[in-house]
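**Student:** Take a look at this one; I'll ask things after.
The values are calculated or read from the model by the stated rules, or taken from the named source; none is laboratory data. Small disclaimer: the values here were computed from a predicted structure and weren't measured. Glycine gets a Cβ as well: all are built from the backbone with ideal geometry, and neighbour counts include every protein chain shown. Side chains included, ligands, DNA and RNA excluded: accessible areas come from the protein's heavy atoms. Shrake-Rupley method; radii C 1.70, N 1.55, O 1.52, S 1.80 Å.
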Amino acid sequence: MRIGERELALPLIQGGMGVGVSMGGLAGAVAAQGAMGTLSTADAGYAEPDFATDPQGANLRTLEKEIRKAKEIARGAGVVAVNAMVATRQYADAVKTAVKAGADAIVSGAGLPLELPALVEGSRVAIAPIVSSARAARLICRTWAKRYQKAPDFVVLEGCQAGGHLGFDYEELEAGSCPTLEELVPQVLAELKPFEAEFGRPIPLFVGGGVATGREMARYTKMGAAGAQMATRFIATRECDASQGYKDALIAASPQDIRLIHSPVGLPGRALNSPLVQKILEGGRLAPRHCSGCIKNCRPSEIPFCITHALIQAVKGNWEEGLFFCGGRVEMLKEMLTVPQLVDEIITEWRKYA
Ligand SMILES: Cc1cc2nc3c(=O)[nH]c(=O)nc-3n(C[C@H](O)[C@H](O)[C@H](O)COP(=O)(O)O)c2cc1C
């Protein structure tokens, strides 16, 4: 299938994972298989020596370097995408840097990416929003068509079982009353239809959030989706850019170890029940020691913990202070695999059931 200027051989996206979980190593390995690998822009420069003094500079420099690395590993195959979150202060600069560094696609969520077409103007990069409702899909498509005469090159629909920050209310997540992907897929497809007609091309829909096997992927492609986005499953791979400590924590976990938290980003999040999570859920606080100004509306004096610090500690494997984001299907992580093994397993099963 066409994704902007590129051909995507396999209808599978490895979702972006910040901080540092999906960088050039993982995204490049996934693209090399003919699928779409996604780097995360969130605090990409966390391991750089000047991150404490110049986080913005370290982030953009590292992002550029990691995109080049991913493209080198992919060797012309697949699609190298970059995930940029609207809620981050560096959003516009990160998107512009990614385009300059040669990313094939920009995927944007954690807020409504209404201005994304303007940020990539003059380039041929593919652009895609992440949505969690038909309403958001409609609003984004209408705005892009009206303001920029542009339709998304593809759309990611993220359901309530996803890892990381979630586009649903905390209360409906807790109550288990979120709409299911089976309900959302036809609704979002219906919203995309008029824009496919207006722009004379398909707008492929990729479905993610708790989609963990090729068989589950087939369920949604039979409903009309183009493919799936998976993230958590890619953490237990050798090529994943997180520390072995992160990978081992997820492999050892079962569904009972997963908790929902209120993130300082202003969205609910799904993570492992680590000592930090237990502390926050009991009303405790790990006061921020340093602020890099990563999130637009964050109030360091009020928040229970610093999201940047917690995610950086997690990617380094610090169980005590880390926030270990993971999706709802953590039981699917049983052993370490390579990216080629995992992609082959998923695609072989998908072909069998599609
Ligand atoms: C560790 C982790 C970090 C994530 N970070 C981001 C992120 O920075 N930006 C984003 O849009 N989504 C992020 N996500 C969401 C994933 O890209 C993906 O859509 C979702 O997790 C899919 O569900 P799955 O993990 O059950 O496959 C993250 C997910 C995980 C597990």
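**Student:** Report the Cys residues of the chain lacking a disulfide-compatible partner, meaning no second Cys Cβ under 4.7 Å from their Cβ.
**Tutor:** Cys141, Cys240, Cys291, Cys294, Cys298, Cys306, Cys326
**Student:** Going by Cα centres, segment 111-167 and segment 196-243 are how many Å apart?
**Tutor:** 16 Å
**Student:** Can you list residues whose amide H is under 5 Å from Val79's amide H, if they're 5+ apart or on another chain and H is modeled 1.01 Å from N?
**Tutor:** Ala35, Met36, Gly37
**Student:** Be a star and scan segment 125-143 for residues whose amide nitrogen sits under 17 Å from the point 7 Å along the Cα-to-Cβ vector of Met1.
**Tutor:** 126-132, 137
**Student:** Can you give the charge dipole size of the chain about its Cα centre, rounded to the nearest 20 debye, using +1 on the beta carbon of Lys and Arg and -1 on the beta carbon of Asp and Glu?
**Tutor:** Values: 38 positive and 38 negative charges, 145 e Å.
That gives the chain a dipole magnitude of about 700 debye.
**Student:** At 0.36 nm per residue, minus the direct Cα-Cα distance, what do Lys279 and Ala92 gain on full extension? Give it in nm, one decimal, please.
**Tutor:** On the way: separation 187, 0.36 × 187 = 67.32 nm, distance 3.40 nm.
63.9 nm is the gain from fully extending Lys279 to Ala92.
**Student:** Here's something else I'd like to know. Counting Lys and Arg as +1 and Asp and Glu as -1, what is the net charge of the other residues whose Cβ lies under 11 Å from the Cβ of Glu115?
**Tutor:** Numbers: positive: Arg147; negative: Glu121.
For residues surrounding Glu115, the net value is 0.
**Student:** Please list, or write none, the lysines whose alpha carbon is within less than 18 Å of the alpha carbon of Lys71, excluding same-chain residues fewer than 8 places away.
**Tutor:** Within the straight-line cut-off, Lys71 pairs with Lys96, Lys100.
**Student:** Could you tally the net charge around Ala354, taking each other residue with its Cβ under 14 Å from the Cβ of Ala354, Lys/Arg +1 and Asp/Glu -1?
**Tutor:** +3
**Student:** Here's something else I'd like to know. Students sometimes get this wrong: rank His309, His165 by accessible area, probe 1.4 Å, all chains present, largest first.
**Tutor:** Sorted descending by solvent-accessible area, the residues read His309, His165.
**Student:** Okay, moving on. Efficiency by 1/(1 + (r/R0)^6): what FRET value for Ala9 and Arg135, r their Cβ-Cβ distance, R0 = 35 Å, to the nearest 0.05?
**Tutor:** The computed FRET efficiency comes out at 0.60.
**Student:** Enumerate the calculated ³J(HN,Hα) couplings along segment 323-330 in order (Karplus 6.51 cos²θ - 1.76 cosθ + 1.60, θ = phi - 60°), each rounded to whole Hz, writing x wherever the residue is Gly or Pro.
**Tutor:** Values, residue by residue: 10, 9, 4, 7, x, x, 9, 4 Hz.
**Student:** Give a quick list of GluC sites (Glu not before Pro) in segment 224-310 that DSSP marks as loop, anything other than H, G, I, E or B, with at most 16 other Cβ atoms within 10 Å.
**Tutor:** Those that pass, being in a loop and sparsely packed, are Glu282, Glu302.
**Student:** With a cut-off of at most 13 other beta carbons within 10 Å, and DSSP calling the residue loop, which trypsin sites (Lys or Arg not before Pro) in segment 30-78 qualify? Please list them. Show your work: numbers first, answer last.
**Tutor:** Details: sites: Arg61, Lys65, Arg68, Lys69, Lys71, Arg75; in loops: Arg75.
Hits after loop and neighbour filter: Arg75.
**Student:** With each label point set 7 Å from Cα along the Cα-Cβ vector, what nm distance links Arg215 and Glu320?
**Tutor:** 4.3 nm
**Student:** In addition: Determine which lysines satisfy two conditions relative to Lys146: a Cα distance under 18 Å, and not lying fewer than 8 residues away in the same chain.
**Tutor:** Qualifying lysines at Cα under 18 Å: Lys193.
**Student:** Let me ask something additional. Given the DSSP H assignment, sum -39500 (n - 2.57) over each helix run of at least 4 residues in the chain and divide by its residue total; what's the result at 222 nm in deg cm²/dmol, nearest 500?
**Tutor:** Estimated from H runs of four or more residues: -11500 deg cm²/dmol.
**Student:** Quick one: net charge of Ile13's neighbours, Cβ under 14 Å, K/R +1, D/E -1?
**Tutor:** So the surrounding residues net to -1.
**Student:** Right, next: Which GluC sites (Glu not before Pro) in segment 321-354 sit in a loop by DSSP (not H, G, I, E or B) and have at most 11 other Cβ atoms within 10 Å of their own Cβ?
**Tutor:** Counting only loop positions with at most 11 other Cβ atoms within 10 Å, the GluC sites (Glu not before Pro) in segment 321-354 are Glu335.
**Student:** Separation between the Glu331 and Lys146 pseudo-spin-labels, each 7 Å from Cα along Cα→Cβ, expressed in nm?
**Tutor:** Taking the two extended label points, one gets 4.6 nm.
**Student:** When all protein chains stay in place, what accessible area (Å², nearest 10, 1.4 Å probe) is found for Met336?
**Tutor:** Only protein atoms counted, so the area is about 40 Å².
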